[in-house]
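*Asks:* Once you've had a glance at the structure underneath, I'll fire off some questions.
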Amino acid sequence: MRGRRPPVVVLPLSPDGGRRVTIHGERMGMAYSLFDVMDFLHRAGLPTTDTAVDDPELIEWRGGGPYDWNDTP
């Protein structure tokens, strides 16, 4: 529905390389990869198809998209 915020928000990278994830305003935890985000979606009963990560009505990506992670050790 237009005008509504997506239920999932993924925040920008933190200094440790993780991204905080909230679902319906509740903190789910830190994601260190796209797999972690998918796990949070699954646990919340939300769609986990490959296209779900690109759905702006489902996920609001802040500070980078679904493929922007800190890959350096």
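Derivation of every value follows stated rules applied to the coordinates shown; laboratory data play no part. What you are looking at is a predicted structure, and each value in this text was computed from that prediction instead of being measured. Ideal geometry is used to build each Cβ from the backbone, glycine not excepted, and the neighbour counts take in all protein chains shown.
*Asks:* Karplus couplings for region 26-32 from phi (6.51 cos²θ - 1.76 cosθ + 1.60, θ = phi - 60°), rounded to Hz, Gly and Pro as x?
*Replies:* With coefficients 6.51, -1.76 and 1.60, one gets 9, 5, 9, x, 9, 9, 10 Hz.
*Asks:* Here's a follow-up. Quick one: in the chain, what % of C-alpha pairs are over 19 Å apart?
*Replies:* When all Cα pairs of the chain are counted, 26 percent exceed 19 Å.
*Asks:* Describe numerically, in nm with one decimal, the distance between label points set 7 Å from Cα along Cα→Cβ at Asp16 and at Asp39.
*Replies:* Placing both labels 7 Å beyond Cα along the Cβ direction yields 1.4 nm.
*Asks:* Mind ordering 47-54, 18-25 by average Cβ neighbours within 10 Å, highest first? Can you show the working numbers first?
*Replies:* Numbers: 47-54: 12.8, 18-25: 16.5.
Result, highest mean first: 18-25, 47-54.
*Asks:* Relative to the longest principal axis of the C-alpha atoms of the chain, give the angle of the C-alpha long axis of helix 34-43, reported between 0 and 90° and rounded to the nearest 10°.
*Replies:* Tilt relative to the chain: about 40 degrees.
*Asks:* Continuing with this model, one more query. Where the only charges are on Cβ atoms (+1 Lys, Arg; -1 Asp, Glu), what is the dipole of the chain about its Cα centre, to the nearest 20 debye?
*Replies:* 380
*Asks:* A further question follows. Just to be sure I understand: of the beta bridges DSSP finds with both ends in the chain, what percent are antiparallel, rounded to 5?
*Replies:* Beta bridges within the chain, antiparallel portion: roughly 75 percent.
*Asks:* I've got another one for you. Averaging sequence separations of C-alpha pairs under 8 Å and six or more residues apart, then dividing by the length of region 1-67, give the relative contact order as a whole percent.
*Replies:* 37
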